[in-house]
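The values are calculated or read from the model by the stated rules, or taken from the named source; none is laboratory data. Model, not experiment: these values are computed from the prediction. Cβ sites come from the backbone with ideal geometry, for glycine too, and all protein chains shown count toward neighbours.
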Amino acid sequence: MNSQQGRDAKTSTSDWARFAWHHVRAAVPPDWEVTAYSVEDRAGRLEFNTRHGLQGIVSWEPCGREPDRLTTMTTFLANNIIGRKDARDLRATDIKTEAAGLFVLGWLDETRPTQAIAYDAAGGHLVRWVFEGRSTPAGRRDVIRPILESFDFNHDPDACEYRLHGIHARLPWEYRIEDIAVLPANVMMSFEALESKRKAVLRRWGLADLVLGRKDLGDFYKPILRALGIEVEASTPCRVSGCEARLMRFNAPREHHGDRFMRRRWAGGQAVVWHEPEANRICAFEQIGPEGSAALAFADVVPGCALEGGD
């Protein structure tokens, strides 16, 4: 490979997928799928796989001060990769390192995983990537370095960004993940606010042309809400950034068992469902909560999308 081809390989990431989860954001190759995740924001991890197996793990944990990164890498290798018995003679100086974005990248040899460590002083987090099967010079150049150079921390004090499986949302930090369902053409993430108990749900369906068929959005979406015990009170045509959409007002059962037993319901719910033909998907955002709880603005929750009409 000549030097020009090398530069092209290094920068050909235009089709990579961006993800965001709690405190971490980056771009990864398009065939990397998240197969495991932590719903906790204080400490957690995301695992990425392809049909060839595990590719990488990113994890974060609270850390009051920046550790010595080489020592941290050496300890991780001894405890998790090599084993303490076989790592008796391992020294920090055995690890080869280089800088990549916010990270220090380290590897022992081409047969063992490559680590990358960054410290988020503002948030008090230690972030570690572990890459499987990428410890060759080409693997570091073509995959690892572009991922690390695209990485940044979420330091927005008001909102946490989520970008996963076709859903992209920004929600106040008090909204905590309540449930996630991931199917091949159907993804759902639900959140609940700690104080107000207000609910927010985001949905994404793929293969929209097959899912919709001859139905309009209202005919498609109302039975889904009805199956959840939600009563649609009004449905109005609108647009979302130029795409066909419906704005629906609804009431829904309260969540707690006593309220459900007494058939008490919340009023004032709002749902927006829209069809993105170029991406061949249908998206929805629902929210409802106790009387007096503040509604979220659609444009704040769904980045890059504007609700037009439907008043």
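Total residues in the stretch 276-296 satisfying the condition of being out of contact with any Cys (no Cβ under 6 Å at 6 or more places or on another chain) and farther than 15 Å from F191 by Cα: the figure is 9. Of the residues contained in the stretch 222-229, none is found to be in contact with a helix residue (DSSP H, G or I) (Cβ under 8 Å, 6 or more places away or on another chain) and either surrounded by 13 or more Cβ atoms within 10 Å (Cβ to Cβ) or assigned by TED's automatic domain parsing to the domain that holds F285 (or both).
Selection of strands (runs of 3 or more DSSP E) fully inside the stretch 8-76 by the criterion of at least 3 residues being loosely packed, with under 14 Cβ neighbours inside 10 Å returns 53-62. The set of residues in the stretch 231-271 that are surrounded by 13 or more Cβ atoms within 10 Å (Cβ to Cβ), modelled with pLDDT of 95 or more and part of a loop (DSSP other than H, G, I, E, B) contains only S241. Beta carbons closer than 6 Å, at least 6 apart along the sequence or on distinct chains, pair a first residue in the stretch 183-200 that is aliphatic (A, V, I, L, M) with a second that is exposed (fewer than 14 other Cβ atoms within 10 Å of the Cβ) for A185/L207; M188/A181; A193/E174; L194/E174.
Okay, residues lined up against (1) touching a residue at least 24 places away in the same chain (Cβ under 8 Å); (2) within 26 Å of the chain's Cα centre (by Cα):
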{"site": "I81", "(1), (2)": "yes, no"}
{"site": "T97", "(1), (2)": "yes, no"}
{"site": "V104", "(1), (2)": "yes, yes"}
{"site": "Y119", "(1), (2)": "yes, yes"}
{"site": "G124", "(1), (2)": "yes, yes"}
{"site": "W129", "(1), (2)": "yes, yes"}
{"site": "R140", "(1), (2)": "yes, yes"}
{"site": "D156", "(1), (2)": "no, yes"}
{"site": "L164", "(1), (2)": "yes, yes"}
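Of all positions in the stretch 294-310, none carries a residue that is over 25 Å from R163 (Cα atoms) and without any contact (Cβ under 8 Å) to a residue 40 or more places away in the chain.
If you go through the stretch 126-170 and keep only what is among the hydroxyl-bearing types (S, T, Y) and either farther than 30 Å from I95 by Cα or at pLDDT 95 or above (or both), you end up with S150, Y162.
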